[in-house]
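Asks: Quick one: structure below, then a few questions.
Since every read-out is calculated from the coordinates, none of them should be taken as a lab result. Values in this document were obtained by computation on a predicted structure and should not be read as measured data. Every residue, glycine among them, receives a Cβ derived from its backbone with ideal geometry; neighbour counts consider all protein chains shown.
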Amino acid sequence: MTLQRLKSFEFILASQSPRRKFLLQLLGLNFKTFHPQIEENHNGEAPIRYAKKLAERKAEEANKKFKNKIIIAADTIVVVNGKILEKPNSPSEAIKMLKMLSGRTHIVYTAICVINQINGKKIVDVEKTFVTFRKLSLDEINEYVDSGSCMDKAGAYGIQDDLGAVFVKKINGCYYNVVGLPLQRLYINLLKIID
């Protein structure tokens with residue numbers, strides 16, 4: 001199976017994330033986006049289980065609306081010292097998150113769920129990447145939060161953004177996972193699901 005075979009299918013990306021849309025475009029797949037409306041509240045759940053549950057819920061929401069497509073959904077969370085950091089609800093929460101990440105290593109999990117509506121197959125999987133931040137100054141944190149760039153991102157930063165990119169000292173694992181869609185893992189699972 002190759003990428004060429006994947007290009008013969010129609011996909012639904014159950015996400016409004018411009019980053020996920022851009023990453024999926026890199027594969028050259030024929031897809032449309034769908035915005036699933038699901039509640040995100042972890043209530044003390046284990047990080048991997050929580051991320052998988054959200055990705056699956058997003059995929060199932062899209063599964064109700066379409067036929068004969070392949071659904072792709074994902075959910076990305078940031079975990080530091082066992083604490084899940086989702087998208088910040090306010091600038092003050094974003095500042096608090098960035099202070100927590102400063103000078104530390106955290107984990108980024110992205111769960112993906114793919115559903116082939118044609119053959120009924122479903123796969124839920126997760127990618128894990130370690131990200132280390134350098135020590136951030138309060139001025140840098142405030143400038144980044146004031147830009148508004150951090151407000152729609154788990155952990156209040158984007159590795160692909162201006163300042164977010166220079167906060168990261170090193171990563172161990174998949175870069176695209178930190179952006180929001182682990183392309184290698186997605187590709188392998190898409191090949192499995194069309195088999």
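Asks: Rounded to the nearest Å, what's the spacing between the alpha carbon centres of segment 156-195 and segment 31-62? Just the number, please.
Replies: 18
Asks: So which trypsin sites (Lys or Arg not before Pro) in segment 116-158 pass both tests, a DSSP loop state and at most 11 other Cβ atoms within 10 Å of the Cβ? If you can, show how the numbers build up before the last one.
Replies: Numbers: sites: Lys121, Lys122, Lys128, Arg134, Lys135, Lys153; in loops: Lys121, Arg134, Lys135, Lys153.
Answer in residue order: Lys135.
Asks: If each DSSP helix of 4+ residues adds -39,500 (n - 2.57) and the sum is divided by the residues in the chain, what number results at 222 nm, nearest 500 deg cm²/dmol? Before the final figure, lay out the partial values.
Replies: Details: 8 runs with 74 residues, N = 195.
-11000 deg cm²/dmol, from helical runs alone.
Asks: Suppose the chain between Ser137 and Gln184 were pulled fully straight at 0.36 nm per residue; how much longer would it get relative to their current alpha carbon spacing? Kindly include the intermediate steps, with their values, before the conclusion.
Replies: Working: separation 47, 0.36 × 47 = 16.92 nm, distance 3.43 nm.
Full-extension gain reported as 13.5 nm.
Asks: Can you give the relative contact order of segment 3-194 as a percent, counting alpha carbon pairs under 8 Å and 6+ residues apart? Present the calculation step by step, with values, prior to reporting the outcome.
Replies: Numbers: 385 pairs, mean separation 42.1, N = 192.
Reported relative contact order: 22 percent.
Asks: Set the Förster radius R0 to 30 Å, insert the Cβ-Cβ distance between Lys96 and Lys170 as r into 1/(1 + (r/R0)^6), and round the FRET efficiency to 0.05.
Replies: Working: r = 23 Å, r/R0 = 0.78.
Computed FRET efficiency for Lys96 and Lys170: 0.80.
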